[in-house]
1. How far apart, in nanometres, would the label points at Ser219 and Arg58 be if each is projected 7 angstrom from Cα along the Cα-to-Cβ direction?
2. Output the relative contact order of the range 180-269, whole-number percent, from Cα pairs under 8 angstrom with separation of 6+ residues.
3. Tilt of helix 312-322 relative to the longest C-alpha principal axis of the chain, in degrees (0 to 90, nearest 10)?
4. Quick one: work out the % antiparallel among DSSP beta bridges in the chain, nearest 5.
5. How big is the accessible area of Arg82 in square angstrom, nearest 10, if you roll a 1.4 angstrom probe over the protein chains?
6. Given a cut-off of under 8 Å on Cα pairs at least six residues apart, what relative contact order in percent is computed for the range 291-420?
7. Mind checking which of Ile141, Phe85, Met122 is farthest towards the positive end of the chain's charge dipole, using Cβ charges of +1 (Lys, Arg) and -1 (Asp, Glu) about the Cα centre?
8. With 29 Å as the limit, write out which pairs from Lys180/Lys278; Lys75/Lys362; Lys169/Lys224; Lys75/Lys318; Lys75/Lys273 have Cα-Cα distances beyond it, or answer none.
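The values are calculated or read from the model by the stated rules, or taken from the named source; none is laboratory data. Here the structure is a predicted model, which means the values were calculated and not measured. Cβ: placed from backbone, ideal geometry, glycine included. Neighbour counts: every protein chain shown. The area values use the complete protein model at the heavy-atom level, side chains included, leaving out ligands, DNA and RNA. Shrake-Rupley method; radii C 1.70, N 1.55, O 1.52, S 1.80 Å.
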Amino acid sequence: MSADKDVKDIVAPMENATIATEQKAEQIVDPWNVQGAVVDGKQMGIDYDRLIESFGTRAIDQAVLQRMETLTGRKPHVLLRRGVFFSHRELSRILDRYEQKKPFYLYTGRGPSSDSMHLGHMIPFLFCQYLQDVFECPLVIQLTDDEKFLFKPNLKLEECIRFSRQNAKDIIACGFNPEKTFIFSNLDHVGGAFYHNVVRISRCITYSQSKSTFGFVESDNVGKSHFVSIQAAPSFSNSFPAIFGDRSDIPCLIPCAIDQDPYFRLTRDVAHKLKYPKPALIHAKFFPALQGPGTKMSASVDSSAIFMTDTQAQIKNKINRHAFSGGGATMELHKEHGGKPEEDIPFQYLSFFLDDDEEIAKIDKEYRAGTLSTGELKKRCIEVLQKFVGDFQARKAAVTDEVLDYFMTPRSLGVDLSAK
């Protein structure tokens, strides 16, 4: 790796993720806050090109998509084709290993702060299920119930433990291969080889680094500044001896939202110090709240989200009543000037969940022309989301406690450890 690329991995202060527009308004992107710039009183969408520049990542371009299709023999996932996963760190290294038939694994996670996950939470898991399927590789999923207890003072420890198991059932319902997937709760699992890496990582990160990276203040509890070490540990294969034995040279690919990148910039810096392979990352855009494209769906605001427990009637009501429209203020104005799909939440949701490229292109064209009304667009969005959530609920109903326990039991995931 070039020296220039290594420099990008050195931790930058979080203020680097706060980006000024020409009008001096700012967008804020960090692990706890996501908000588009406000320009002339109007909430703007997130400027992802500026995030690529600010974070020092690389855009996923057509060449990357073509290489993935050539290597796997599969059409890229809708979330890649539509640019939802838009940025990466060293994805090419993982593709090289796949081509060379060398082992690697996937790592992603979930912070369980409520009983139910929402549509936005589904994005990394849907994408991981696709990656696991096409690459036929193992996947580890970290449930950061400890983090939620440390960062959300209103939560009791017992609630975090309960949310963790409930969320794990949601994750399993995404369709993961049970023979290649290990899901673990930090509150239950951290110890042994995993904790050995936690303390190795902790010794490589100063309090000053953690504070400047994440913006902690003196009144924050000490657990917050230490948590980066726990989130970093699954990036290294010897944290999982049941899967990888004592191998420390097997890299991982981490699909995550772009706001998690600061954690893994620190992790990549630590990997160099520990002589472990740096984790590769592939970043997703944010799933917008019902209120508009400059926001992020929140589990704590019911009217901002479509939850995976919502009924068909609730989904219909939320889209019709709360979904921000990019259409004209009146039918006449809409027909005259057309709509703006890039600002329209029902269209944005279709771009995530409607697989048919020809249909999405047709909807885009007709909405811009004003021949497709806001009501018609919302109707199609409701149909797609009702089916997605309904199918998910049927799969989750089949996830018993016995199935859950199997996914959460440390075990071999069939990795060929003879391959270097």
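1. In this crude spin-label approximation the distance works out to 4.4 nm.
2. Relative contact order, the range 180-269: 27 percent.
3. The helix 312-322 is inclined about 70 degrees to the chain.
4. 45
5. 60
6. Worked out over the range 291-420, it gives 24 percent.
7. Checked the options; the winner is Ile141.
8. Lys75/Lys318; Lys75/Lys273
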